[in-house]
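Chemist: Structure provided below as structure tokens; questions to follow.
Bear in mind these aren't lab numbers, they're just calculated from the coordinates by the rules spelled out. Here the structure is a predicted model, which means the values were calculated and not measured. As a convention, Cβ positions derive from the backbone with ideal geometry for all residues, glycine included, and neighbour counts pool all protein chains shown.
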Amino acid sequence: QVQLVESGGGLVQAGDSLRLSCAASGRTFSNYAIGWFRQAPGKEREFVATISRRGGGTYYADSVKGRFTISRDNAKNTVYLQMNSLKPQDTAVYYCAANFNSPQSVVSSYDYWGQGTQVTVSS
């Protein structure tokens, strides 16, 4: 079992930045690829970014490429999502998830999920 807790969400204006954190406990954190997903009201959960077990591989959705950066600190059992140049369309609940295999962009590939943190971007 891996327990994940997201934090760092909030209400910001367009163009601002936020950094989300995903703190893990339980099994060896470095055994898991971690992904960030988001879900806006009335929409399906969608892939945002993912990072490999050691942090050497990162992948992004086209909609956030160049604005968001995913990173991890295995010594702190934490993954971060730095979000810059935020847009109103980035408004959603953001979730982190753990995958025992390679980084994936598919929701169903992830075994453990956090409870989510709300990000609201006003125009």
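Chemist: Among 105-111, 28-34, how do they line up from the highest to the lowest mean number of other beta-carbon atoms within 10 Å?
Modeler: Output ranking for 105-111, 28-34: 28-34, 105-111.
Chemist: Within straight cross-link reach of residue 87, meaning Cα distance under 22 Å, which lysines are found once same-chain residues fewer than 8 apart are removed?
Modeler: Straight-line reach from residue 87, under 22 Å: 43, 65.
Chemist: Might you report the magnitude of the Cβ-based charge dipole of the chain about its Cα centre, with Lys and Arg at +1 and Asp and Glu at -1, to the nearest 20 debye?
Modeler: That gives the chain a dipole magnitude of about 240 debye.
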